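Below you'll find the structure, written out as C-alpha coordinates, and then a few comments.
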Ligand code: PMV
(Lines give C-alpha, C1' and ligand atoms only; values in the text may rest on other atoms or scores of the structure.)
Protein backbone atom coordinates (compact mmCIF):
# COMPACT_ATOMS: atom_id res chain seq x y z
CA UNK A 1 0.00 0.00 0.00
CA UNK A 2 1.53 3.38 -0.98
CA UNK A 3 2.08 6.24 1.45
CA UNK A 4 -0.85 8.68 1.32
CA UNK A 5 -0.24 12.43 1.66
CA UNK A 6 -2.59 15.18 2.80
CA UNK A 7 -1.47 18.78 2.52
CA UNK A 8 -2.92 22.11 3.67
CA UNK A 9 -1.61 25.69 3.37
CA UNK A 10 -1.22 28.40 5.97
CA UNK A 11 -3.49 31.43 5.98
CA UNK A 12 -3.45 35.07 6.87
CA UNK A 13 -6.31 37.33 7.92
CA UNK A 14 -6.29 40.62 6.00
CA UNK A 15 -9.22 42.33 7.76
CA UNK A 16 -11.67 41.74 10.60
CA UNK A 17 -9.96 39.45 13.14
CA UNK A 18 -11.66 39.42 16.55
CA UNK A 19 -14.70 41.28 15.18
CA UNK A 20 -15.44 38.07 13.23
CA UNK A 21 -15.99 36.20 16.51
CA UNK A 22 -18.87 38.65 17.17
CA UNK A 23 -20.61 38.20 13.81
CA UNK A 24 -18.81 40.82 11.73
CA UNK A 25 -17.21 39.91 8.36
CA UNK A 26 -13.52 39.15 7.95
CA UNK A 27 -11.29 38.51 4.94
CA UNK A 28 -8.61 35.82 4.88
CA UNK A 29 -6.40 34.35 2.17
CA UNK A 30 -4.51 31.06 1.95
CA UNK A 31 -0.71 31.26 1.99
CA UNK A 32 0.59 28.43 -0.13
CA UNK A 33 4.26 29.14 0.58
CA UNK A 34 3.97 27.29 3.91
CA UNK A 35 2.17 24.00 4.41
CA UNK A 36 1.24 21.30 6.89
CA UNK A 37 1.58 17.73 5.65
CA UNK A 38 0.22 14.44 6.98
CA UNK A 39 1.61 11.14 5.69
CA UNK A 40 -0.09 7.85 6.34
CA UNK A 41 1.48 4.47 5.94
CA UNK A 42 0.18 1.05 6.90
CA UNK A 43 2.17 -0.35 9.80
CA UNK A 44 2.51 -4.11 10.14
CA UNK A 45 4.16 -3.71 13.53
CA UNK A 46 0.91 -2.46 15.05
CA UNK A 47 -2.04 -4.70 15.93
CA UNK A 48 -5.07 -4.40 13.62
CA UNK A 49 -6.95 -1.15 14.21
CA UNK A 50 -4.01 0.39 16.07
CA UNK A 51 -2.94 3.91 15.19
CA UNK A 52 0.47 5.42 15.84
CA UNK A 53 0.72 9.20 15.73
CA UNK A 54 4.00 10.96 15.09
CA UNK A 55 4.71 14.70 15.13
CA UNK A 56 8.45 14.93 15.61
CA UNK A 57 8.41 18.78 15.57
CA UNK A 58 6.68 18.61 18.96
CA UNK A 59 8.45 15.42 20.14
CA UNK A 60 5.34 13.34 19.89
CA UNK A 61 5.43 9.67 18.91
CA UNK A 62 2.77 7.57 20.62
CA UNK A 63 -0.32 5.47 20.23
CA UNK A 64 -3.40 7.56 19.43
CA UNK A 65 -5.18 6.39 22.58
CA UNK A 66 -2.28 7.63 24.75
CA UNK A 67 -3.49 11.15 23.92
CA UNK A 68 -6.37 12.78 25.83
CA UNK A 69 -9.71 12.47 24.02
CA UNK A 70 -9.83 16.22 23.37
CA UNK A 71 -6.22 16.46 22.18
CA UNK A 72 -6.55 18.16 18.76
CA UNK A 73 -4.50 15.52 16.93
CA UNK A 74 -6.55 12.70 18.41
CA UNK A 75 -9.75 14.60 17.74
CA UNK A 76 -8.86 15.01 14.03
CA UNK A 77 -8.39 11.23 13.67
CA UNK A 78 -11.41 10.23 15.80
CA UNK A 79 -13.78 12.59 13.97
CA UNK A 80 -12.62 11.39 10.56
CA UNK A 81 -12.97 7.72 11.54
CA UNK A 82 -16.44 8.44 12.95
CA UNK A 83 -17.43 10.21 9.73
CA UNK A 84 -16.21 7.40 7.48
CA UNK A 85 -17.47 4.56 9.66
CA UNK A 86 -15.55 1.51 8.53
CA UNK A 87 -16.20 -1.84 10.19
CA UNK A 88 -12.48 -2.38 10.49
CA UNK A 89 -9.53 -0.03 9.96
CA UNK A 90 -6.06 -1.21 9.01
CA UNK A 91 -3.25 -0.45 11.46
CA UNK A 92 -1.37 2.67 10.37
CA UNK A 93 1.01 5.43 11.37
CA UNK A 94 0.09 9.04 10.72
CA UNK A 95 3.04 11.39 10.59
CA UNK A 96 2.60 15.16 10.74
CA UNK A 97 5.01 17.88 9.66
CA UNK A 98 4.41 21.59 9.40
CA UNK A 99 6.30 24.62 8.08
CA UNK A 100 3.62 26.96 9.41
CA UNK A 101 4.74 29.00 12.44
CA UNK A 102 2.81 27.89 15.54
CA UNK A 103 0.66 30.35 17.58
CA UNK A 104 1.52 33.09 15.11
CA UNK A 105 -1.76 33.81 13.34
CA UNK A 106 -1.06 31.66 10.29
CA UNK A 107 -3.61 28.94 10.94
CA UNK A 108 -1.16 26.19 11.84
CA UNK A 109 -3.67 24.26 13.99
CA UNK A 110 -6.39 24.29 11.32
CA UNK A 111 -3.89 23.38 8.60
CA UNK A 112 -2.58 20.39 10.58
CA UNK A 113 -6.14 19.17 11.21
CA UNK A 114 -7.06 19.58 7.54
CA UNK A 115 -3.92 17.83 6.30
CA UNK A 116 -4.73 14.93 8.65
CA UNK A 117 -8.40 14.71 7.64
CA UNK A 118 -7.45 14.86 3.94
CA UNK A 119 -4.81 12.15 4.30
CA UNK A 120 -6.90 9.88 6.48
CA UNK A 121 -10.08 10.09 4.43
CA UNK A 122 -8.07 9.37 1.27
CA UNK A 123 -6.28 6.48 3.00
CA UNK A 124 -9.63 4.97 3.98
CA UNK A 125 -10.85 5.25 0.39
CA UNK A 126 -13.41 8.02 1.04
CA UNK A 127 -11.79 11.41 0.31
CA UNK A 128 -14.02 14.12 1.76
CA UNK A 129 -15.14 17.32 -0.01
CA UNK A 130 -13.96 20.76 1.21
CA UNK A 131 -17.18 21.60 3.11
CA UNK A 132 -17.02 18.40 5.15
CA UNK A 133 -13.30 18.79 5.80
CA UNK A 134 -13.95 22.34 6.97
CA UNK A 135 -16.73 21.23 9.37
CA UNK A 136 -14.61 18.49 10.91
CA UNK A 137 -11.65 20.86 11.27
CA UNK A 138 -13.94 23.38 12.97
CA UNK A 139 -14.71 20.78 15.65
CA UNK A 140 -10.96 20.25 16.11
CA UNK A 141 -10.39 24.03 16.32
CA UNK A 142 -12.74 24.13 19.31
CA UNK A 143 -10.12 22.11 21.25
CA UNK A 144 -7.57 24.87 20.61
CA UNK A 145 -9.69 27.81 21.52
CA UNK A 146 -13.19 27.47 22.85
CA UNK A 147 -14.92 29.93 20.55
CA UNK A 148 -13.40 29.90 17.05
CA UNK A 149 -15.23 31.89 14.40
CA UNK A 150 -14.53 29.22 11.76
CA UNK A 151 -12.57 31.48 9.43
CA UNK A 152 -9.31 29.49 9.64
CA UNK A 153 -10.80 26.10 8.78
CA UNK A 154 -12.84 27.68 5.96
CA UNK A 155 -10.06 29.54 4.16
CA UNK A 156 -7.69 26.58 4.50
CA UNK A 157 -10.17 23.85 3.51
CA UNK A 158 -11.31 25.74 0.39
CA UNK A 159 -7.85 27.19 -0.35
CA UNK A 160 -9.42 30.37 -1.71
CA UNK A 161 -9.64 33.95 -0.46
CA UNK A 162 -12.81 34.23 1.61
CA UNK A 163 -15.18 36.94 2.79
CA UNK A 164 -16.39 35.19 5.92
CA UNK A 165 -19.29 35.84 8.25
CA UNK A 166 -19.79 33.40 11.11
CA UNK A 167 -22.74 31.09 10.51
CA UNK A 168 -23.36 32.35 6.95
CA UNK A 169 -22.53 30.62 3.65
CA UNK A 170 -18.95 31.38 2.62
CA UNK A 171 -18.32 33.90 -0.15
CA UNK A 172 -15.20 33.70 -2.23
CA UNK A 173 -13.47 36.89 -3.31
CA UNK A 174 -13.32 37.72 -6.96
CA UNK A 175 -9.84 39.19 -7.42
CA UNK A 176 -9.38 41.15 -10.66
CA UNK A 177 -6.03 42.79 -10.02
CA UNK A 178 -3.11 41.38 -8.05
CA UNK A 179 -1.86 42.85 -4.78
CA UNK A 180 1.47 42.21 -3.04
CA UNK A 181 1.78 41.40 0.65
CA UNK A 182 4.59 40.85 3.12
CA UNK A 183 3.92 38.76 6.20
CA UNK A 184 6.41 39.32 9.03
CA UNK A 185 6.68 37.17 12.15
CA UNK A 186 7.37 39.07 15.39
CA UNK A 187 8.68 35.81 16.86
CA UNK A 188 6.47 36.22 19.93
CA UNK A 189 3.95 33.45 20.48
CA UNK A 190 0.59 34.13 22.06
CA UNK A 191 -2.12 31.48 21.76
CA UNK A 192 -5.29 32.77 20.10
CA UNK A 193 -7.27 31.36 23.05
CA UNK A 194 -5.65 34.00 25.28
CA UNK A 195 -6.42 37.06 23.15
CA UNK A 196 -9.94 35.88 22.25
CA UNK A 197 -10.65 35.42 25.94
CA UNK A 198 -9.12 38.84 26.86
CA UNK A 199 -11.31 40.51 24.23
CA UNK A 200 -14.39 38.71 25.57
CA UNK A 201 -13.65 40.09 29.06
CA UNK A 202 -13.38 43.62 27.63
CA UNK A 203 -16.55 43.13 25.62
CA UNK A 204 -18.47 42.00 28.71
CA UNK A 205 -17.19 45.07 30.63
CA UNK A 206 -18.64 47.57 28.14
CA UNK A 207 -20.67 45.77 25.51
CA UNK A 208 -21.98 48.83 23.73
CA UNK A 209 -18.56 50.42 23.27
CA UNK A 210 -16.86 47.23 22.04
CA UNK A 211 -19.79 46.35 19.79
CA UNK A 212 -19.31 49.73 18.13
CA UNK A 213 -15.62 48.93 17.55
CA UNK A 214 -16.57 45.58 16.01
CA UNK A 215 -19.11 47.33 13.79
CA UNK A 216 -16.47 49.80 12.59
CA UNK A 217 -14.20 46.86 11.82
CA UNK A 218 -17.04 45.20 9.93
CA UNK A 219 -17.56 48.36 7.84
CA UNK A 220 -13.82 48.44 7.02
CA UNK A 221 -13.94 44.80 5.91
CA UNK A 222 -16.97 45.48 3.70
CA UNK A 223 -15.12 48.33 1.97
CA UNK A 224 -11.95 46.28 1.74
CA UNK A 225 -13.56 43.50 -0.27
CA UNK A 226 -14.25 45.91 -3.16
CA UNK A 227 -10.85 47.57 -2.91
CA UNK A 228 -9.22 44.12 -2.85
CA UNK A 229 -11.06 42.89 -5.89
CA UNK A 230 -9.98 46.02 -7.85
CA UNK A 231 -6.44 45.93 -6.45
CA UNK A 232 -6.88 49.49 -5.12
CA UNK A 233 -3.70 49.62 -3.02
CA UNK A 234 -4.14 53.18 -1.72
CA UNK A 235 -7.65 52.54 -0.33
CA UNK A 236 -6.63 49.15 1.05
CA UNK A 237 -3.61 50.62 2.82
CA UNK A 238 -5.76 53.26 4.53
CA UNK A 239 -8.29 50.61 5.57
CA UNK A 240 -5.53 48.42 7.03
CA UNK A 241 -4.16 51.31 9.08
CA UNK A 242 -7.63 52.09 10.37
CA UNK A 243 -8.22 48.42 11.22
CA UNK A 244 -4.93 48.41 13.16
CA UNK A 245 -6.02 51.48 15.16
CA UNK A 246 -9.20 49.65 16.18
CA UNK A 247 -7.27 46.48 17.08
CA UNK A 248 -5.12 48.62 19.38
CA UNK A 249 -8.31 49.72 21.15
CA UNK A 250 -9.02 46.01 21.77
CA UNK A 251 -5.57 45.78 23.40
CA UNK A 252 -4.43 42.92 21.15
CA UNK A 253 -1.49 44.78 19.65
CA UNK A 254 1.87 45.16 21.39
CA UNK A 255 5.05 47.28 21.10
CA UNK A 256 6.98 44.79 18.96
CA UNK A 257 4.14 44.43 16.46
CA UNK A 258 3.75 48.20 16.39
CA UNK A 259 7.46 48.74 15.71
CA UNK A 260 7.21 46.31 12.76
CA UNK A 261 4.08 48.06 11.51
CA UNK A 262 5.78 51.45 11.81
CA UNK A 263 8.91 50.17 10.04
CA UNK A 264 6.82 48.91 7.11
CA UNK A 265 4.89 52.17 6.80
CA UNK A 266 8.06 54.29 7.02
CA UNK A 267 9.64 52.16 4.28
CA UNK A 268 6.71 52.98 1.99
CA UNK A 269 4.14 50.22 2.60
CA UNK A 270 0.64 51.40 1.64
CA UNK A 271 -0.68 50.02 4.93
CA UNK A 272 0.21 47.61 7.72
CA UNK A 273 -1.54 45.87 10.60
CA UNK A 274 -1.26 42.91 12.90
CA UNK A 275 -2.93 39.72 11.70
CA UNK A 276 -4.74 37.03 13.68
CA UNK A 277 -5.08 36.85 17.43
CA UNK A 278 -2.37 39.46 18.10
CA UNK A 279 -0.08 40.25 21.09
CA UNK A 280 2.62 38.65 18.99
CA UNK A 281 2.49 36.46 15.93
CA UNK A 282 2.43 38.02 12.51
CA UNK A 283 1.78 41.39 10.96
CA UNK A 284 1.11 42.10 7.30
CA UNK A 285 2.09 44.96 5.04
CA UNK A 286 0.62 45.84 1.66
CA UNK A 287 3.28 46.96 -0.79
CA UNK A 288 3.70 48.12 -4.37
CA UNK A 289 5.65 45.52 -6.40
CA UNK A 290 8.67 47.82 -6.84
CA UNK A 291 8.86 48.34 -3.09
CA UNK A 292 8.87 44.75 -1.84
CA UNK A 293 12.60 44.48 -1.17
CA UNK A 294 12.84 47.81 0.67
CA UNK A 295 9.91 47.02 2.98
CA UNK A 296 11.10 43.46 3.57
CA UNK A 297 14.57 44.75 4.55
CA UNK A 298 13.04 47.37 6.88
CA UNK A 299 10.98 44.65 8.59
CA UNK A 300 14.05 42.46 9.04
CA UNK A 301 16.00 45.42 10.47
CA UNK A 302 13.13 46.07 12.88
CA UNK A 303 13.45 42.52 14.25
CA UNK A 304 11.13 40.35 12.12
CA UNK A 305 12.08 36.69 12.64
CA UNK A 306 10.85 35.61 9.24
CA UNK A 307 9.21 37.34 6.27
CA UNK A 308 7.05 35.76 3.59
CA UNK A 309 6.07 37.67 0.45
CA UNK A 310 2.97 36.62 -1.38
CA UNK A 311 0.74 37.80 -4.24
CA UNK A 312 -3.03 37.74 -4.17
CA UNK A 313 -3.96 37.24 -7.81
CA UNK A 314 -7.25 36.16 -9.38
CA UNK A 315 -8.32 34.37 -6.26
CA UNK A 316 -5.15 32.31 -6.12
CA UNK A 317 -1.85 32.62 -4.33
CA UNK A 318 1.45 31.29 -5.60
O1 LIG B 1 -4.63 33.72 15.48
P2 LIG B 1 -5.38 33.18 14.31
O3 LIG B 1 -4.78 33.47 13.01
O4 LIG B 1 -5.83 31.78 14.47
O5 LIG B 1 -6.69 34.04 14.13
C6 LIG B 1 -7.63 34.18 15.07
C7 LIG B 1 -8.68 35.08 14.53
C8 LIG B 1 -9.64 35.52 15.60
O9 LIG B 1 -10.59 36.33 14.94
C10 LIG B 1 -8.94 36.35 16.66
C11 LIG B 1 -10.33 34.34 16.28
C12 LIG B 1 -11.29 33.59 15.38
O13 LIG B 1 -11.67 32.47 15.77
O14 LIG B 1 -11.72 34.11 14.33
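Suppose the filter is surrounded by 17 or more Cβ atoms within 10 Å (Cβ to Cβ), touching a residue at least 60 places away in the same chain (Cβ under 8 Å) and in contact with a strand residue (DSSP E or B) (Cβ under 9 Å, 6 or more places away or on another chain); does residue 183 pass it? In short, yes.
Quick check on my filter: what residues within the stretch 283-316 are at pLDDT below 95 and within 16 Å of the ligand (Cβ to nearest atom)? Selection gives 306, 308, 310.
Applying the criterion of being at positive phi and surrounded by fewer than 23 Cβ atoms within 10 Å (Cβ to Cβ) to the residues of the stretch 243-297, the residue that is farthest from the chain's Cα centre (by Cα) is 268. Here is a check on your reading of the model: is residue 19 within 11 Å of the ligand (Cβ to nearest atom) and under 24 Å from residue 184 (Cα atoms)? So residue 19 fits the description; yes. Scanning the stretch 157-175 for residues that are in a loop (DSSP other than H, G, I, E, B) and touching a residue at least 24 places away in the same chain (Cβ under 8 Å) gives 159, 160, 161, 165, 166, 167, 173, 174, 175. Residue count for the stretch 249-258 under the criterion of being in contact with a helix residue (DSSP H, G or I) (Cβ under 6 Å, 6 or more places away or on another chain) and either more than 14 Å from the ligand (Cβ to nearest atom) or free of Cβ contacts under 8 Å to residues at least 24 places away in the same chain (or both): the result is 1. Candidates 239, 246, 274: the one that is within 16 Å of the ligand (Cβ to nearest atom) and either part of a helix (DSSP H, G or I) or farther than 14 Å from residue 181 by Cβ (or both) is 246. Set side by side, the residues 11, 7, 82 differ, and just one is in contact with a strand residue (DSSP E or B) (Cβ under 6 Å, 6 or more places away or on another chain), closer than 24 Å to residue 129 by Cα and more than 16 Å from the ligand (Cβ to nearest atom), which is 7.
Determine, yes or no, whether residue 142 is out of contact with any strand residue (DSSP E or B) (no Cβ under 6 Å at 6 or more places or on another chain), without any contact (Cβ under 8 Å) to a residue 60 or more places away in the chain and not in a strand (DSSP E or B).
Yes: the conditions hold for residue 142.
Of all residues being surrounded by fewer than 15 Cβ atoms within 10 Å (Cβ to Cβ) and not in a helix (DSSP H, G or I) in the stretch 63-75, which is nearest to the chain's Cα centre (by Cα)? Just the residue, please. Going through the qualifying residues, I end up with 70. Selection of first residues in the stretch 22-50 that are assigned to a helix (DSSP H, G or I) and of second residues that are surrounded by 15 or more Cβ atoms within 10 Å (Cβ to Cβ), restricted to Cβ pairs under 7 Å at least 6 apart or on distinct chains, gives the following pairs, ordered by first then second residue: 22/214.
Here the condition is being modelled with pLDDT of 95 or more, within 12 Å of the ligand (Cβ to nearest atom) and either part of a helix (DSSP H, G or I) or crowded, with 23+ Cβ neighbours inside 10 Å (or both); of 135, 154, 212, 149, it holds for 154 alone.
Yes or no: residue 111 surrounded by 24 or more Cβ atoms within 10 Å (Cβ to Cβ) and within 14 Å of the ligand (Cβ to nearest atom)? Judged against the criteria, residue 111 is a match.
Per-residue answers, yes or no, for (1) closer than 25 Å to residue 123 by Cα; (2) within 16 Å of the ligand (Cβ to nearest atom); (3) surrounded by 15 or more Cβ atoms within 10 Å (Cβ to Cβ); (4) over 25 Å from the mean Cα position of the chain (by Cα):
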| position | (1), (2), (3), (4) |
| --- | --- |
| 2 | yes, no, no, yes |
| 26 | no, yes, yes, no |
| 49 | yes, no, no, yes |
| 56 | yes, no, no, no |
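The values are calculated or read from the model by the stated rules, or taken from the named source; none is laboratory data. These numbers come from a predicted model, not from an experiment. As a convention, Cβ positions derive from the backbone with ideal geometry for all residues, glycine included, and neighbour counts pool all protein chains shown.
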